[in-house]
Amino acid sequence: MLIGVDCLHLVEEGRTGTENYLYNLLKNLAAVDLKNEYLLYFRVAPSKMFWDDICGQGIKWNYKVIDSRVSWVQVGLARATFTDKPDRLLCTWHTLPVFHRPQTKIISVIHDFSCSVLRSYPLYTRLLLSSKLIGVSDYTYRGIVARIPWRKGSVYKQYEGVDLLKYKRSDTKSIDATKKKYALNGSYFLSVGTLNRRKNLENMITAFSLFFEEHGNK
């Protein structure tokens, strides 16, 4: 089976949540799937170091650069489904090629239902046109099923993984050392994410202020 992957936003440096999700997914697939062939679609050719980092020396892994000046997804990627004829196309971003080769079955990963995306055309296009849908949390899974209940059999729940080599629960000693290093007294809230308006940081700070007024520095 030939599996195509939309790697439009997969970059070597400066990756955030969804980019890291695809990056780690591909690395692990390359390690365990020795049967299927993979064709990754990029806008810009990855460096040899980055490519080797993703798939190692996998002989069944290849990439293709799509140079489309009109619409990378709706024209370039859509055309690739007809020329390369992938059996599956994995889409982990917010959109997919609406017009694609009918025999190419699309697998979409839905990460969330933020307010801006909730009202958008691309989201519902993905829900309706994808052959299989993956929700990365209970909330996302329920959100997909609630919107297309007649397709519940093609919706799957697959939690996002954790790199246990990098992330592990800190002990009290290391926490105290970090708090001392950054002069943090008492308890605190930690927000991990980009400084983007959709992350709702303004309301988080407001909530923190209300919490502090009610409970103090506990």
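For segment 121-131, putting each phi into the Karplus relation 6.51 cos²θ - 1.76 cosθ + 1.60 with θ = phi - 60° gives couplings of 5, x, 4, 5, 4, 5, 4, 8, 9, 6, 6 Hz, in residue order, rounded to whole numbers and with x for Gly and Pro. When a 1.4 Å probe is rolled over the protein heavy atoms, the share of accessible surface on segment 15-82 that falls to carbon and sulfur comes to 55 percent. Surface exposure of segment 100-177, expressed per residue as accessible area with a 1.4 Å probe, stands at 68 Å². Simple rule: put +1 on each Lys or Arg Cβ and -1 on each Asp or Glu Cβ in segment 27-125, find the dipole, and look at L96, V32, N62; the Cα lying farthest toward the positive end is L96.
Using a cut-off of 15 Å between alpha-carbon atoms, which aspartates and glutamates can reach K180, once sequence neighbours fewer than 8 places away in the same chain are excluded? Answer for K180, where 15 Å is the Cα cut-off: D171, listed by chain and number. Specify whether the C-alpha gyration tensor of segment 1-93 places it in the rounded, prolate or oblate class, a ≥ b ≥ c being the square roots of the eigenvalues: rounded for a/c under 1.5, otherwise prolate if a/b is larger than b/c and oblate if not. Taking the square roots of the gyration eigenvalues as a ≥ b ≥ c, segment 1-93 is oblate.
Listed by chain and number, the lysines placed with their C-alpha closer than 18 angstrom to that of K181 are K173; residues fewer than eight positions away on the same chain are left out. Derived scalar couplings between HN and Hα for segment 42-51 equal 10, 7, 10, 4, x, 5, 4, 5, 5, 5 Hz in order, rounded to whole Hz, by the Karplus curve 6.51 cos²θ - 1.76 cosθ + 1.60 (θ = phi - 60°), x for Gly and Pro. Under 5 Å from the amide H of K157 lie the amide H atoms of G135, each residue being 5 or more positions distant or on a separate chain, with H modelled from the backbone and absent for Pro and chain starts.
Calculate how steeply helix 201-215 sits against the longest principal axis of the alpha-carbon atoms of the chain, using the helix alpha-carbon long axis, and give the answer as 0 to 90 degrees to the nearest 10. Taking Cα atoms only, the helix is inclined about 30 degrees.
Rounded to the nearest 10 degrees, the inclination of helix 172-181 to the longest alpha-carbon principal axis of the chain is 80 degrees. Solvent-free Debye calculation, one equal scatterer per alpha-carbon of segment 56-171: log10 I(q)/I(0) at 0.13, 0.22 Å⁻¹ equals -0.62, -1.22.
In straight-distance terms, cross-link reach from K179 covers every one of the lysines whose alpha-carbon lies under 28 Å from its own, apart from those fewer than eight places away in the same chain; here that gives K166, K168, K199, K218. Of the labelled figures [x] -0.34, -0.84; [y] -0.44, -0.92; [z] -0.48, -0.99, only one reflects log10 I(q)/I(0) by the Debye sum over Cα atoms at q = 0.09, 0.14 Å⁻¹ as derived from the coordinates, namely [z]. Between the helical axis of 138-147 and the longest alpha-carbon principal axis of the chain there is an angle of about 50 degrees. Only Lys, Arg, Asp and Glu carry charge here, each on its Cβ (+1 for the first two, -1 for the last two); on that basis the chain has a dipole of about 400 debye about its Cα centre. Charged side chains reduced to their Cβ positions (Lys and Arg at +1, Asp and Glu at -1) give segment 161-218 a dipole of some 300 debye around its Cα centre. Between V5, L133, S47, the Cα set farthest toward the positive side of the dipole of the chain (charges on each charged residue's Cβ, about the Cα centre) is that of L133. Database remark: amide H of I106 closer than 5 angstrom to the amide H of L89, S131, K132 (H placed geometrically; neighbours at sequence offset of 5 or more, or on other chains; Pro and chain starts carry no H). A 1.4 Å probe over all protein chains sorts I144, I134 by accessible area into I134, I144, starting with the largest.
Exceedance of the 24 Å cut-off in Cα-Cα distance is limited, within the set K27/K157; K48/K132; K60/K105; K27/K132, to K48/K132.
For Y159, the solvent-accessible surface with a 1.4 Å probe is about 130 Å², rounded to the nearest 10.
The values are calculated or read from the model by the stated rules, or taken from the named source; none is laboratory data. All of these numbers come straight from a predicted model, not from anything done at the bench. Using ideal geometry, Cβ is built from the backbone for each residue, glycine included, and neighbour counts are taken over all protein chains shown. Surface accessibility is based on the protein's heavy atoms, side chains included, excluding ligands, DNA and RNA. Shrake-Rupley method; radii C 1.70, N 1.55, O 1.52, S 1.80 Å.
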